[in-house]
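J.: This is the structure, below, for whatever I ask next.
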Amino acid sequence: MELVVCLEEPKRPWLSLRCTVPDDVSAIGIYGPSGVGKSTFLRCLAGLETNAHVAVAWPSRIMQCDAKPRVGIVFQDAVLLPHLSVAENLALAKRYANTRPQSQYMQSLCDADVLSELAIEHLLNEPVQTLSGGEQQRVAIARALFNRPDVLLLDEPVSALDNALKQRVLNCLCHAAQGGVLIIMVSHALSELALCCDWLIALQQGEVVQQGDAATLRHTLLMQHNADGEPQSEPLFSIIPVAAIQPRTNHINQYVVAGHTLYMVAAQSVSNRLKIDANQVILSLHKPQNTSLQNHLPTRVLTVQKISQATMLVSLQLLSLDDQETDIQITALITSQAVEQLNIQAGRPMIASFKAH
């Protein structure tokens, strides 16, 4: 898939982007600080910038019919119709819904499931003016889904939500992506994009500065920000793909990763990915005994990198049950004193432990 967008101002090009994305990517994250052109990029793709030159070669899965794919957009400020109730806003989207959606998700979309996933069932009879910012965001996402698009553009879709609601909304979007809808999502929060997206595109001053597989690029981007000496907007973290999930009754979910069992609260996970903050990982030479820590993973040290005078970043490779290396990496932030005391160096086996929350 190729995306080419050029938007010119009278004196200079404001947006000049060329992106090449593998066709099997289901969700694309657009990352960068405020003012670099992320929202404008979405507006160009949606056809809302009349001066923009846009050329898109959409993936074949959403081009099964001769017609162009239906593109939906969710703006950061929701843009609901204020004279209608929530139910009436949703009904209007359904009235003009795509009659030939390409994705399996949209073909079998259940309205009640969407309302439940987004936690807005109780808002149907409410006037739009009475809704909070977070409620408006969730209704706007439901309205976009009810229109049954093949491509869904989202501008900071969870910026007004608390952590629990963020997890619910991101899960809903992941289900749509896994069902064949192409998701393109803007956010300045790298952790949100890393949980949902397969591919990341980093923008700076209206241009693409980096793009690539989300699992690889998110670590590079976080480390670059740290090397710049600027205050970090969010802590360093790891994303671990999950092979199986089993819900539990005590609000702690059980996961299976490379044959190992993990326990995490639901708010730390989205779909088939877990987020683990690097400052929550504790390293040991042997598996700790008689501790409240719930998760212990065997790893091998890849690199040890100095972050500050007192802090070191340790990158680790997860080992399977039979002690074979996997392609899953975990990062840990520990003190330089601990690195010295435990003689942590490349190639050394370590146990990476962390809490369930």
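J.: Filter the stretch 249-280 down to residues that are in a loop (DSSP other than H, G, I, E, B) and at negative phi and give me whichever is least open to solvent (accessible area, probe 1.4 Å).
T.: Asn272
J.: Return yes when Gln232 is within 30 Å of Gln210 (Cα to Cα) and either open to solvent by 30 Å² or more (accessible area, probe 1.4 Å) or modelled with pLDDT under 90 (or both) and no when it is not.
T.: Values: within 30 Å of Gln210 (Cα to Cα): yes; either open to solvent by 30 Å² or more (accessible area, probe 1.4 Å) or modelled with pLDDT under 90 (or both): yes.
Judged against the criteria, Gln232 is a match.
J.: Which members of the stretch 148-161 meet the condition of being surrounded by fewer than 22 Cβ atoms within 10 Å (Cβ to Cβ) and either hydrophobic (A, V, I, L, M, F, W, C) or touching a Gly at 6+ places or on another chain (Cβ under 8 Å) (or both)?
T.: Ala160, Leu161
J.: If you take just the helices (runs of 4 or more DSSP H) that sit entirely in the stretch 1-109, which of them hold at least 3 residues that are farther than 15 Å from Val186 by Cβ and modelled with pLDDT of 95 or more?
T.: The helices (runs of 4 or more DSSP H) meeting that bar are 86-95.
J.: Same structure again: What helices (runs of 4 or more DSSP H), lying completely within the stretch 122-211, carry at least 1 residues that are at pLDDT 95 or above?
T.: 133-146, 163-178
J.: Can you tell me which residue within the stretch 213-222, out of those that are assigned to a helix (DSSP H, G or I) and open to solvent by 20 Å² or more (accessible area, probe 1.4 Å), is nearest to Leu165 (Cα to Cα)?
T.: Ala215
J.: Oh, and also: Return the residues of the stretch 162-212 that are of a type in the set (D, E, K, R), farther than 19 Å from Val74 by Cα and either surrounded by 24 or more Cβ atoms within 10 Å (Cβ to Cβ) or within 12 Å of the chain's Cα centre (by Cα) (or both); say none if nothing qualifies.
T.: Asp198
J.: Right, something else. What pairs come out if I take residues in the stretch 129-140 that are closer than 17 Å to Asp111 by Cα and in contact (Cβ under 8 Å) with a residue 12 or more places away in the chain and pair them with residues that are hydroxyl-bearing (Ser, Thr, Tyr) and not in a helix (DSSP H, G or I) whose C-beta lies under 6 Å away, six or more apart or interchain?
T.: Correct list of pairs: empty, since none qualify.
J.: How many residues are assigned to a loop (DSSP other than H, G, I, E, B) and open to solvent by 50 Å² or more (accessible area, probe 1.4 Å) if we restrict to the stretch 110-121?
T.: Adding up the residues that qualify gives 1.
J.: Take the residues in the stretch 11-54 that are in contact with a helix residue (DSSP H, G or I) (Cβ under 8 Å, 6 or more places away or on another chain) and surrounded by fewer than 18 Cβ atoms within 10 Å (Cβ to Cβ), then tell me which one is nearest to Gly212 (Cα to Cα).
T.: So the residue we want is Asp23.
J.: I've got another one for you. Out of all the residues in the stretch 74-87, is one or more in contact with a strand residue (DSSP E or B) (Cβ under 7 Å, 6 or more places away or on another chain) and within 15 Å of Leu182 (Cβ to Cβ)?
T.: Yes, that holds for at least one residue.
J.: With the requirement that a residue be under 18 Å from His175 (Cα atoms) and open to solvent by 80 Å² or more (accessible area, probe 1.4 Å), what does the stretch 68-107 give you?
T.: Residues satisfying the conditions are Gln104, Gln107.
The values are calculated or read from the model by the stated rules, or taken from the named source; none is laboratory data. Everything numeric here is computed off the predicted structure, so don't read it as measured data. Glycine also receives a Cβ, built like all others from the backbone with ideal geometry; neighbour counts cover every protein chain displayed. The accessibility values were calculated without ligands, DNA or RNA, using every heavy atom of the protein model including side chains. Shrake-Rupley method; radii C 1.70, N 1.55, O 1.52, S 1.80 Å.
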